[in-house]
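One structure below.
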Amino acid sequence: MKVNRRKLLSLMGATPVVLAGTKAFAGPAKAVSKAMVKAEPGKLEALNPRGNPPAVQLVPMAPRLQSLDGKTIYLISDGFPGADVFLKQVSTWFSKNMPSVTTVYRQKAGAFADDDPKLFAEMKEKANGVIMAIGHCSTCTPATVGHCITFEKMGLPSAPMVTIAFKDLAKATAAKRGMPTERIVFVPHPVWGKSDTEMYAYLEGNDPVTGNPVMKEVLSALTSPLTADDQKTGTVTPSIGAPTVTDSADNLQKFYMNNGMTDFMPIIIPTQEKVDAMLKGTSHSPDEVIGELTPARGSFPAWKFTVRHVAINAVMAGAEPEYLPIILAIAASGLPSLSSSTNSFATAAVINGPLRDKLNMNYGIGAMGPFNQVNVSVGRAWTLLSKNCGNCGQPGETYMGTQGNAVNFSNLVIVENEKDTPWTPLHVQKGFKPDENVVSVFFGYGIAQGQGGLGSAVKPVPLFDQGLLYNFTPLTSIFGALAVLDPLVAKDLVTLGYDTKDKLIDYLQKNATLTVKDARSMLFTGGMGVRGPQAASLKDDDLIPRWPSKASINVVVVGGQTNPYYQVANMSYSRSVSIDKWM
């Protein structure tokens, strides 16, 4: 099969669609010259907001087997629920149809993307070929495809099996990891939750991509002779396009939108003049590399990006130069606002320090709503730079959230109300000085609203127990908790004796419990589990803390004191970054 170079580059996040009349982003990216030719009358010359993807080293496939007769084929589970049952059906198929083939089932240790050196060494010694399953989510699909490329490097022919829902992701992953002709076998979706009979029927049915019988595709993947394209080596550098594009303002809006560089809302066109003005918001060199972004570490290649790249996206988001240090600090955190998960995750940025008042950021009434240019444009810039500097948010490839999340438009930007809080602000808890400007980033499911009391005339003890703590019970242990309290709630809690955040967090951690049965039944527990010497003696109805550590819970105070309300996010703390560093 001949490799279409344009298709390969497209799979790696390359050349965009071109609108009629535009000078397209095409070809290798170059540094933008400050001595650019002026745009034609009525037209603007706009800059490319994309970061730099890594070069791709092409990987030749392993030699194929002439026949499977008498061979040992390892059936490797990636650990996704149902993969073990599915592979047992594959083993049953071989027993019925090719009894001379020996199948060996193993589940790979660690997380989806983790290597398993002990297992891989065993396979290199004993296996003749590998079937791995099942690509069934946004992280296990790249892992399954990627591990099979590792097996090919080891000299083992492989057949990664993926459900049809992740076809584009699987093919894009193979191309980005250097094996665009990897022999991926597709089955119907879903596999998770299906009976043995239903799974076996998948194997006896057709590959929904090729129309050929599934197991015929598996056998072909392991035995069909290699083509010239299967054996190619060398390096391919994905194109992110030319540095500029020239067209009318209206056409440029369509160009950026149609090429996946926006949040599908109008943007500020990033001309050189506007970007130069934005760069005055920082003392750092425009060419300084800030870091890397990826939709999921270990599953997708990370893109590098510079201060200039962030400035371009900040312009597009409607930010002003004074906001740029905040946006740069968020970018430097390495946490994208858009992840690859089939869950529709959200992110939050908590901002502390005197810069809040200097920029007139909103931490009062409507603090987390669309009522302040700084708050909103900072959050929006996070989404745009995640898309353009980390190749995030490409539906079907690097974004698989089955329902999506409205929070992703401008994320949760939470400016702590340090003026009215009775407690130590978050950044000081994280080791910074009170007069430092800091952004702390969080990642998880989202946020829900609750009520902290009915007024100061009502004894708040039962209202607190039934309110804030009650809202912790639906939270999963995959992520931590971020409690966002109005100052009225915080002050009421102080009257109850919670005069520090630590006392409140201690209470919440000890009393936000779940049964051992529920903990054991969780598919993914975020490392919580039921562990320790006493684990075996625990009964199903025994209560254990939802989070084993107080570090899983964070509290910030935000709001305009119109009523004692609060919100609780099922989100984990990632890290805190100095904003001052980027001024």
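Each reported figure results from applying straightforward, stated rules to the coordinates on display, with no laboratory input. All values derive from a computational prediction rather than experimental measurement. Using ideal geometry, Cβ is built from the backbone for each residue, glycine included, and neighbour counts are taken over all protein chains shown.
Plugging the Kirkwood radius over Cα pairs into Stokes-Einstein for segment 72-231, at a temperature of 10 °C and a viscosity of 1.306 mPa s, what D comes out in µm²/s?
104 µm²/s
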Rounded to one decimal in nm, the spacing of the 7 Å Cα→Cβ label points at Leu226 and Phe264 is 4.3 nm
Which whole-number value in Å³ per residue fits the convex hull of the alpha carbons of segment 155-259? 161 Å³
Distance (nanometres) between label positions extended 7 Å along Cα→Cβ at Val289 and Asp502: 4.1 nm
Expected output is a single nm value to one decimal: the length gained when fully extending between Thr72 and Ala249, i.e. 0.36 nm times separation in residues minus the C-alpha distance. What is it? 57.5 nm
Mind checking which lysines have their Cα closer than 19 Å to the Cα of Lys126? Skip sequence neighbours fewer than 8 apart in that chain. Lys71, Lys108, Lys118, Lys153
Can you give the % of DSSP beta bridges in segment 72-231 that are antiparallel, to the nearest 5? 5 percent
Under the helix-only model (-39500 (n - 2.57) for each DSSP H run of 4 or more, divided by the residues of the chain), the mean residue ellipticity at 222 nm, to 500 deg cm²/dmol, is -8500 deg cm²/dmol
Which listed pairs, of Lys167/Lys254; Lys88/Lys216; Lys304/Lys358; Lys358/Lys419; Lys501/Lys581; Lys194/Lys387, have C-alpha distances above 23 Å, in listed order: Lys167/Lys254; Lys304/Lys358; Lys501/Lys581; Lys194/Lys387
Residues Ala121 and Thr473, FRET efficiency given R0 of 41 Å [Cβ-Cβ distance, rounded to 0.05]: 0.35
Are there trypsin sites (Lys or Arg not before Pro) in segment 533-583 that DSSP marks as loop and that have at most 15 other Cβ atoms within 10 Å, and which are they? Lys539
Fewest to most neighbouring Cβ within 10 Å: what's the order for Glu198, Glu292, Glu217? Glu198, Glu292, Glu217
Two-decimal ratio, the chain, of alpha-carbon radius of gyration to 2.2 N^0.38 Å: 1.07
Could you work out how far the C-alpha centroid of segment 123-153 sits from that of segment 168-235, in angstrom? 11 Å
Quick check on the exposure proxy: order Lys304, Lys358 from fewest to most C-beta atoms within 10 angstrom. Lys358, Lys304
Under a crude label model (7 Å from the Cα following the beta-carbon direction), how far is Asp276 from Met154 in nanometres? 5.6 nm
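Of the DSSP beta bridges with both residues in the chain, give the percent that are antiparallel, rounding to the nearest 5. Please list the in-between numbers first.
On the way: 39 of 67 bridges.
In the chain, DSSP labels about 60 percent of beta bridges as antiparallel.
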